[in-house]
Amino acid sequence: MKKQNLVVVGGGSTYTLGMVMSLIEEKENFPLKSITFYDTNAERQEKIAKATEVILKEKYPELESFNYTTNRKKAFSDVDFAFVQIRTGGLQMREKDEQIPLRHGAVGQETCGPGGMAYGLRSIKDMIEVVNDVREYAPDAWILNYTNPAAIVAEALRREFPKDDKILNICDMPAAIMVSYAKILGKEIWDLVPEYFGLNHFGWFTDIYDKEGNKLTDDIKNAIKDNGFLPEDSEIINDPSWIKTFKQVETMLNDFPDYLPNTYLQYYLYPSQMVEKEDVENTRARQVINGREKRVHDQCETLIRDNSTEHADLEVDIHGCYMIRVAASLAYNNGDTFIVIVENNGVISNLQDDAMVEVPASLTARGPKPFAVGSIPTFQKGLIEGQLAFEKLVVDAWYEKDYNKLLQALTLNRTVVDAPRARAILDDLIEENKEFWPELAKK
């Protein structure tokens, strides 16, 4: 099995240590020759990288080389895979994405509604630059992008690189939901085969099967209705914000029982409730800054100080394992099934071909081979078409520098709807994003 050369773009991310532990966990499935971290922020990356050196020394001694750099040529030359996880503007801008809509009575969330629009408009330029840089130094590398908001980023990359068939956009949220299903059933995520359709953060599981072809959907639905998605003694997740998110699935399933929903649909189906639950001075971004970011940096300091993993609380990240198994299926032509983002081209037969849809696909060395979904019901189709129009208008606005397209996008979005409120939110976001967004013209 050929060993791969990997670059992690966004090496300074607080998620990077979890990815490193996942790479170690999955090294038999995806053996590596080298790992390189690349980030534009040297200081942020260095602490993560020095901690990673300690981990790799103990847990991946067969790895031939590990490097970290801010130099594009050094980072990307001759890599086989680029895992991309950038956050333009950092958590500080995420906090503004969440606070501004909330102050206007709309959903404040990093990937949905106005916050997702703001984040997407910041991400497009940097993502295009990353792809161009990788292609300059590694023309044949696979680029696995899991930068948020994946829907907007995927649409922009589709337009910018229409002939590049080695860019694959992925989201780990379906995997996180499937982990919960697996726990409910007493199984592992890898035992489950999903049927799913939608857009990123905007989709439904139509059915869940096991490897033998037994249908498990009703078992999952009944368990959620009888015991809740997360029982009180659940060990699936211990983050209060995520617990609330998963609990909302019970409400969605009671109101719309046909399919198992992606958790993010709560923001579109119950926007008023979502606003009422939030504290504008303590949004999710602030919780991450005071929580995960601090924990990860403290953990890095412990690793570096001790030059050992003995006192470090290191965990394998299931999200990272999902990405790595995606990469392995591409690298070794495994043909395994994963939920990924691809151009529709008839996969959902009653949806436009140029939509970037999220569906199961067999992943081979020739890329994703999506499974046909067929025609979807009117309710889901109507919701998807509105969200798809929002996403396309946002990308239109970035290319055309068009204020009016963004106003249209926010007015369409189910988390806003009201045109005067959309304008007020947009004007505030423009003021805060002067450093990142193109200068917009009113027509």
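The values are calculated or read from the model by the stated rules, or taken from the named source; none is laboratory data. What you see is a predicted model, and the numbers here were worked out from it, not measured in a lab. With ideal geometry, Cβ positions are generated from the backbone for all residues, glycine too; neighbour counts draw on all protein chains shown. With ligands, DNA and RNA removed, areas are computed over all heavy atoms of the protein, side chains included. Shrake-Rupley method; radii C 1.70, N 1.55, O 1.52, S 1.80 Å.
Observations
- Set V347, V275, V326: member being surrounded by 15 or more Cβ atoms within 10 Å (Cβ to Cβ), in contact with a Pro (Cβ under 8 Å, 6 or more places away or on another chain) and either of a type outside the set (K, R) or modelled with pLDDT under 95 (or both): V347
- Leading residue by the ranking (farthest from E43 (Cα to Cα)) among those in segment 283-306 that are surrounded by 12 or more Cβ atoms within 10 Å (Cβ to Cβ) and among the polar types (S, T, N, Q): T283
- Filter result for V179 (at pLDDT below 95, buried (at least 16 other Cβ atoms within 10 Å of the Cβ) and assigned to a helix (DSSP H, G or I)): yes
- Only one of the listed residues (Q109, Q99) is in contact (Cβ under 8 Å) with a residue 12 or more places away in the chain, over 20 Å from D39 (Cβ atoms) and within 17 Å of the chain's Cα centre (by Cα). That residue is Q109.
- A search for C-beta distances below 6 Å between a residue of segment 132-143 that is charged (D, E, K, R) and any residue that is modelled with pLDDT of 95 or more, counting only pairs 6+ apart in sequence or on different chains, returns D133/R72; D133/F76.
- Residue match in segment 63-81 (condition: open to solvent by less than 40 Å² (accessible area, probe 1.4 Å), out of contact with any His (no Cβ under 6 Å at 6 or more places or on another chain), at pLDDT below 95 and in a loop (DSSP other than H, G, I, E, B)): no
- Some residue of segment 354-361 being free of Cβ contacts under 8 Å to residues at least 60 places away in the same chain and either in a strand (DSSP E or B) or under 30 Å from H104 (Cα atoms) (or both): yes
- If you go through segment 118-155 and pick out every residue that is touching an Asp or Glu at 6+ places or on another chain (Cβ under 8 Å), part of a helix (DSSP H, G or I) and surrounded by fewer than 24 Cβ atoms within 10 Å (Cβ to Cβ), you end up with 4.
- For segment 23-43, the set of residues classified as hydroxyl-bearing (S, T, Y) and assigned to a strand (DSSP E or B) consists of S34, T36, Y38, listed by residue number.
The rows are residues; the columns are (1) more than 23 Å from G198 (Cβ to Cβ); (2) crowded, with 17+ Cβ neighbours inside 10 Å; (3) acidic (D, E).
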residue	(1), (2), (3)
A331	yes, yes, no
D354	no, no, yes
P360	no, yes, no
Q408	no, yes, no
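- Pair list, Cβ < 7 Å and 6+ apart or interchain, from segment 204-231 residues that are in contact (Cβ under 8 Å) with a residue 12 or more places away in the chain and closer than 19 Å to W190 by Cα to residues that are open to solvent by 80 Å² or more (accessible area, probe 1.4 Å) and of a type in the set (K, R): D207/K215; Y209/K215
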